[in-house]
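**Q** Next up is a structure, given as structure tokens.
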Number of protein chains: 2
Amino acid sequence: MSAPIIAIDAMGGDYGPHCIVPACISFLAEYAFLQLVLVGQAPLIEEHLHGLSPVERQRLHVHHASEIVTMDERPSQALRGKPDSSMRVALELVRDGKAHACVSAGNTGALMALSRYLLKTLPGIDRPAMVTAVPTQTGHCHLLDLGANVDCSAEHLYQFAVMGAVAAEALGKSNPRVALLNVGTEDIKGNQQVKLAASLLQQARGVNYIGYIEGDGLYRGLADVVVCDGFVGNILLKSSEGLAAMVAARLEELFNSSLPAKAVGLMAMPFLRRLRGDLTPSQHNGASFLGLQGIVVKSHGSAKEEGIQSALRRALLEVRENLPQRLHGRLEHLL
Amino acid sequence: MSAPIIAIDAMGGDYGPHCIVPACISFLAEYAFLQLVLVGQAPLIEEHLHGLSPVERQRLHVHHASEIVTMDERPSQALRGKPDSSMRVALELVRDGKAHACVSAGNTGALMALSRYLLKTLPGIDRPAMVTAVPTQTGHCHLLDLGANVDCSAEHLYQFAVMGAVAAEALGKSNPRVALLNVGTEDIKGNQQVKLAASLLQQARGVNYIGYIEGDGLYRGLADVVVCDGFVGNILLKSSEGLAAMVAARLEELFNSSLPAKAVGLMAMPFLRRLRGDLTPSQHNGASFLGLQGIVVKSHGSAKEEGIQSALRRALLEVRENLPQRLHGRLEHLL
């Protein structure tokens with residue numbers, strides 16, 4: 001393969017080029033053969049490129065796009081009303097074979113709508129799903145869907161399970177254990193979609209389906225791939241984020257409650273910082289769109305440099321593993 | 001009102017009378033006018049009553065019931081097959097006016113089915129909901145439904161919102177802020193049921209409906225009552241439990257990773273124990289069934305003495321506030 005090229009929507013997220021451009025510069029220093037295309041308003045991007053050596057600039061291209069999709073815009077507006085948005089142009093580079101992957105920290109709904117429209121889904125896939133790695137007691141698990149699809153049929157859940165399994169395998173987990181998220185582990189538990197998806201998965205050869213999993217089982221590390229509809233997945237992920245933030249705040253409060261507590265807190269700080277990092281996966285890992293004919297990674301809107309780099313790393317990994325092609329090959333046998 | 005009488009299913013939960021009876025004895029010491037009825041296999045219960053003074057025994061009654069509903073039993077089996085189960089008999093005491101409330105740590109599905117069958121729902125309520133207090137950054141919020149209803153219509157969500165508001169008010173929160181749990185806060189977000197429930201709540205006079213809330217907003221304390229279907233609520237609650245357990249395990253690991261870390265950990269232990277208590281609400285608070293013509297509180301199956309006592313405290317509070325009657329009065333105006 002030629003050197004990987006990743007297009008990044010430089011205008012997306014809460015911090016825009018101010019944060020994204022420096023993140024890209026550091027990222028390039030880590031990966032010698034990589035090329036990045038910064039898509040967005042060229043003058044704003046160039047501001048942050050001062051002082052770069054000509055060698056560095058050779059691997060960092062600026063592609064002008066005049067418009068910006070805002071965070072509160074409707075997907076339909078982004079799709080119809082902004083032909084020259086940085087998000088759209090970055091995806092077009094992937095569609096046209098000029099980049100191997102697209103990374104954006106922008107509006108999730110707009111990114112999904114544009115991705116589907118421009119890149120199309122793989123044969124047999126009705127809807128792409130969003131997946132991310134969630135930390136567990138034993139490592140991490142791949143959770144999908146995270147909000148792209150709020151209403152899902154059993155067939156959609158089945159497709160997510162298959163895609164999640166292939167992605168987990170491509171990312172290094174052999175024979176990943178696949179589970180359906182449910183309100184209990186007994187057969188009678190759950191809604192109709194989940195029960196029907198379970199019977200589809202029980203019949204699927206080539207998927208290591210282990211049955212239902214509950215919310216606590218996910219964090220206990222009982223599965224490598226956990227499947228649910230986007231409504232449930234989004235609420236699970238965001239409530240976990242909220243709980244982690246609350247834990248951090250409570251710890252801070254506890255360690256400020258008295259003089260001895262303060263002393264202990266001061267010493268505990270480095271440990272707690274590590275913990276906090278582990279517990280906010282969405283800010284540190286990118287969420288990948290699975291099921292498209294191309295690689296798209298969504299970085300958290302509030303991601304800072306470290307988060308943007310995680311998303312870039314995820315995109316690069318998927319490029320190296322040629323994930324869409326792998327998915328396509330496996331889906332032919334499974335769907 | 002005469003002295004409150006609470007019937008408790010002494011055979012329920014993971015630990016049975018071994019844990020429940022001592023919990024009741026300590027609880028009685030706290031509340032001088034309370035009476036408890038221990039329902040279950042009398043010989044097993046009596047074993048744990050040795051050494052009680054006659055005065056103490058006067059407020060602690062044993063009511064024999066020969067059968068036990070097991071944790072993995074189907075609700076229909078419990079309903080049809082076991083006429084003399086401790087769970088059923090405890091509920092019958094409430095139905096027959098011999099107790100003001102029932103507490104059980106047993107099989108949730110069976111308890112809900114038996115409660116509906118024996119106590120009936122309040123006029124205007126299709127389905128009872130399970131509610132519990134979840135800790136937030138600013139205090140706590142009442143989350144419902146927690147798993148009694150995996151498929152909910154907009155009308156059900158609306159009824160849950162109304163019941164949650166009345167319960168929160170009865171438990172001391174004036175003009176509670178009511179929110180619908182959703183994948184975003186914009187109007188266009190969510191599935192059909194949630195959108196329709198939002199429009200019903202916008203029109204409801206007497207409910208302080210503040211709109212959608214996301215998973216992180218719940219823990220940030222942005223609402224006093226958070227409404228969702230039982231599938232989502234159950235997964236939110238259990239994943240939060242799992243995450244809290246993981247945090248505890250990670251902290252332990254961190255504080256064992258080196259000698260200096262161990263020293264810090266030793267000092268931090270009392271603070272962390274407090275935190276852990278705060279973060280496992282379901283083991284420490286009872287979940288209340290709202291919408292029945294009687295008071296039923298479900299204690300966590302794995303609850304130990306402290307958890308059982310929290311459930312008893314919740315039941316007692318609802319008895320004192322006469323919650324079903326209050327709900328009935330308010331529902332007449334709102335539904």
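**Q** Using only Cα positions of region B:128-281, each an equal point scatterer, no hydration layer, compute I(q)/I(0) via Debye at q = 0.09, 0.10, 0.14, 0.20 Å⁻¹ and quote the log10 values to two decimals.
**A** After summing over all Cα pairs, the log10 values are -0.34, -0.41, -0.69, -1.16.
**Q** Now for a different question. Between region B:139-201 and region B:288-335, how far is it from one alpha carbon centroid to the other, in angstrom?
**A** 18 Å
**Q** Quick one: of the DSSP bridges fully inside the protein assembly as shown, what percent are antiparallel, nearest 5? Can you show the working numbers first?
**A** On the way: 26 of 82 bridges.
Of all bridge pairs located within the protein assembly as shown, approximately 30 percent are antiparallel.
**Q** Report, in debye and to the nearest 20, how large the dipole of region B:128-281 comes out about its Cα centre when Lys and Arg carry +1 and Asp and Glu carry -1 on their Cβ. The partial results should precede the final answer.
**A** On the way: 12 positive and 14 negative charges, 96 e Å.
Its charge dipole is roughly 460 debye.
**Q** Note the buried accessible area between A and B here, summed over both chains, with a 1.4 Å probe, in Å² to the nearest 100. Don't skip to the end; give the middle numbers.
**A** Details: alone 15730 and 15700 Å², together 26690 Å².
Accessible area lost upon association: around 4700 Å².
**Q** In a Gaussian network model over chain A where Cα atoms closer than 10 Å are linked, find which of A:R274, A:R177, A:R88 has the largest mean-square fluctuation.
**A** It is A:R274.
**Q** Would you mind checking the pairs A:K238/B:K120; A:K120/A:K298; A:K120/B:K189 and listing those with alpha carbons more than 28 angstrom apart?
**A** A:K238/B:K120
**Q** Of A:L323, B:G51, A:S310, which is farthest on the positive side of the dipole of the protein assembly as shown, counting Cα position, with +1 on Lys and Arg Cβ, -1 on Asp and Glu Cβ, and the Cα centre as origin?
**A** Farthest towards the positive pole: B:G51.
**Q** Only four residue types carry charge here, +1 at the Cβ of Lys and Arg and -1 at the Cβ of Asp and Glu. Report the dipole size of chain B about the Cα centre in Debye, rounded to the nearest 20.
**A** Using only the charged Cβ atoms, the result is roughly 380 debye.
**Q** A further question on this structure: Calculate the dipole size of region A:129-208 relative to its Cα centre from +1 charges on Lys and Arg beta carbons and -1 charges on Asp and Glu beta carbons; express the result in debye to the nearest 20.
**A** With Lys and Arg at +1 and Asp and Glu at -1, about 200 debye.
**Q** Where in region B:156-193 does accessible area fall by at least 40 Å² between the isolated chain and the complete protein assembly, at a 1.4 Å probe radius?
**A** The answer is B:V183, B:I188, B:N191 - residues whose exposure falls by at least 40 Å² when every protein chain is included.
**Q** List the residues of region B:53-94 for which accessible area in the full set of protein chains is at least 30 Å² lower than for the chain on its own; 1.4 Å probe, protein heavy atoms only.
**A** Listed in order, they are B:R74.
**Q** Shape verdict for the protein assembly as shown, please, from the Cα gyration tensor: rounded (a/c under 1.5), prolate (a/b greater than b/c) or oblate.
**A** prolate
**Q** Compare A:S199, A:S85, A:S310 in a GNM of chain A, Cα atoms joined below 10 Å, and give the one with the largest fluctuation.
**A** Highest fluctuation among the options: A:S199.
**Q** Right, here's the next one. Give the aspartates and glutamates reachable from A:K82 as a straight Cα distance under 19 Å; neighbours fewer than 8 places away on the same chain don't count.
**A** A:D9, A:E67, A:D72, A:E73, A:E92, A:D96
**Q** Counting only other chains, and only Cβ atoms inside 10 Å, what mean value do you get across the residues of A:259-268? Please report the intermediate quantities before stating the final value.
**A** Working: counts 0, 3, 4, 0, 2, 9, 4, 1, 7, 10.
Average neighbour count from other chains, rounded to a whole number: 4.
**Q** What would the Debye equation give as log₁₀ I(q)/I(0) for chain B at q = 0.12, 0.14 Å⁻¹, counting only Cα atoms as equal point scatterers?
**A** -0.85, -1.10
**Q** Here's another thing I want to ask about it. Mind checking B:126-136 for the average number of partner chain beta-carbons within 10 Å of each residue's beta-carbon?
**A** Working: counts 0, 0, 0, 0, 0, 0, 0, 0, 2, 3, 3.
What the average comes to for B:126-136 is 1.
**Q** Putting +1 on Lys and Arg Cβ atoms and -1 on Asp and Glu Cβ atoms, find which of B:A154, B:S2, B:L251 reaches farthest to the positive end of the dipole of chain B.
**A** Towards the positive end, the residue furthest out is B:S2.
**Q** Follow-up. Which whole-angstrom value gives the distance between the alpha carbon centres of region B:25-87 and region A:1-62?
**A** 69 Å
**Q** Could you work out the helix-only [θ] at 222 nm for chain B, with each DSSP H run of four or more residues adding -39,500 (n - 2.57) and the total divided by the number of residues, to the nearest 500 deg cm²/dmol?
**A** -15500 deg cm²/dmol
**Q** Taking a probe of 1.4 Å, how large is the accessible area per residue of chain A, in Å²?
**A** Numbers: 13360 Å² over 335 residues.
Normalised by residue count, the accessible surface of chain A is 40 Å².
**Q** Once neighbouring chains are kept in place and the probe is 1.4 Å, which whole percent of the accessible area of chain B is contributed by carbon and sulfur?
**A** 50 percent
**Q** May I pose another question? I want the local charge near A:G190. Using Cβ-Cβ distances under 13 Å, sum +1 for each Lys or Arg and -1 for each Asp or Glu among the other residues.
**A** Here the charged neighbours net out to -4.
**Q** Next question. Any idea what the A:P43 label distances to the other copies are, label 7 Å down the Cα→Cβ vector, nm, shortest first?
**A** The answer, with the shortest distance listed first, is 9.1 nm.
**Q** A:E252: net charge of surrounding residues, Cβ under 13 Å, Lys/Arg +1, Asp/Glu -1, itself excluded?
**A** +3
**Q** May I pose another question? I need the inter-copy label distances for A:G124: point set 7 Å along Cα to C-beta, values in nm with one decimal, smallest first.
**A** Sorted ascending, the copy-to-copy spacings read 5.3 nm.
**Q** For B:A32, which inter-copy label distances result when the label point lies 7 Å beyond Cα on the Cα-to-Cβ vector, reported in nm to one decimal and in ascending order?
**A** The projected label point of B:A32 is separated from its counterparts by 8.3 nm.
The values are calculated or read from the model by the stated rules, or taken from the named source; none is laboratory data. Remember, predicted model here, so these are calculated numbers, not experimental data. Note that each Cβ is placed from the backbone with ideal geometry, even for glycine, and that neighbours are counted across all protein chains shown. Heavy atoms of the whole protein, side chains included, go into the accessibility calculation; ligands, DNA and RNA do not. Shrake-Rupley method; radii C 1.70, N 1.55, O 1.52, S 1.80 Å.
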